[in-house]
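The values are calculated or read from the model by the stated rules, or taken from the named source; none is laboratory data. The shown structure was predicted, so the numbers you read here are calculated from the model rather than taken from an experiment. Positions of Cβ are backbone-derived with ideal geometry, glycine not excepted, and every protein chain shown enters the neighbour counts. Quick note on the areas: whole protein, heavy atoms, side chains included, nothing else; ligands and nucleic acids left out. Shrake-Rupley method; radii C 1.70, N 1.55, O 1.52, S 1.80 Å.
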Amino acid sequence: MAARTSADSDADELKAMTCNSAASAALHCTSYAVRHSFGHFRYPTVPLARSRNGIHELLDFETARAVAQDLTDVHEALDNGGGVSGPAARRLINATGTQHRRFAGLITTSRQARSLLADPTLNVFHNSEAFLFCNYDRAKALCHPGRGGQTTPSLDRCRPNCANIARTDEHASQIEHAAAELRAQASSPLLPDPLADRLRQKADRLAQLASDHRTSRITTDQEDS
C-alpha cells in the first residue's frame, strides 16, 4: 500500500469538516451511479425497460439543470467582480461563458439536457465538501489514477493538487468560516491540548487555502485584458 502524503491527509480533513455523508459531494454524479447500478440487472419486459429509460432521462435532466445553475451562479459572480483560482480557473471561466451563451441557465427540455451533458467543456461538478469545482478532464484527473473510461469524477477521492480544481470567492469564504469554527472549537477549555492543537493545525491549513485563493484569483477583466 502506498504511503499517504500530506496532500492526502489535507483532502481527508477537508471532507471531514463539512457534512459526514459523501452524498452531497456526489450530487452531480448521481446519474452515473444509478446507470452503473442498473447495469447489473436484466429487464425482461418492455415496460420495465421504458421505465428505466425514463428514470435515466429524468436524472440526466436534473443533473443538467444543476450544472447550468452552478455555472450561472459563477457567471453572475464573475460579472460582479468575483474571482476564480486554481489550475482549472480559466476553464471554469470559459465554461460559465459557454453555458450562458447556449443555455442562459435554463434547461427546460430533455434535448437541452443531453446537449449540455454531451459538451466536455461543461463537465463541471461541484464538490461542496472540498470547497471546489471539478472541471473534469479524465486525462488530468487524480481521482482516477488508472485513467480508465470514467466519464465523471470520483468526488470522494478528490486530491488538492489535481489540475481539474477551481475555486471561487464563495468557496474561499466558506473555507475561512470553517477555519474560524475549528479555532473556536480548539479554544474550549474542555478540549484536551493534543486535540486542540490538531484542530488549530487544520484551521491553519484551511486558512492557507483561502489565502492562496485571495492572492492568485483571476477575474474576467484580467482575462479580457
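Summary table
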read-out	value
Additional length obtainable on full extension of the chain from GLN150 to ASP137, 0.36 nm per residue less Cα span	3.7 nm
For the range 207-216, Karplus couplings with θ = phi - 60° (6.51, -1.76, 1.60), whole Hz, Gly/Pro x	4, 5, 4, 5, 5, 4, 5, 4, 8, 10
Carbon plus sulfur fraction of accessible area for the range 111-168, probe 1.4 Å, in percent	50 percent
Accessible area per residue, Å², the range 82-124 with all protein chains present, probe 1.4 Å	49 Å²
Under-5 Å amide H pairs with ILE218, H placed in peptide plane, nonlocal only	VAL84, SER85
Convex hull per residue volume in Å³, alpha carbons only, for the range 49-160	111 Å³
FRET E, pair SER110, SER173, Förster distance 45 Å, beta-carbon r, rounded to 0.05	0.80
The range 157-189 and the range 114-131: distance between their alpha carbon centers, rounded to Å	21 Å
Neighbourhood net charge (9 Å Cβ-Cβ; Lys/Arg +1, Asp/Glu -1) for LEU142	+3
For ALA163, distant residues with modelled amide H under 5 Å away	LEU142
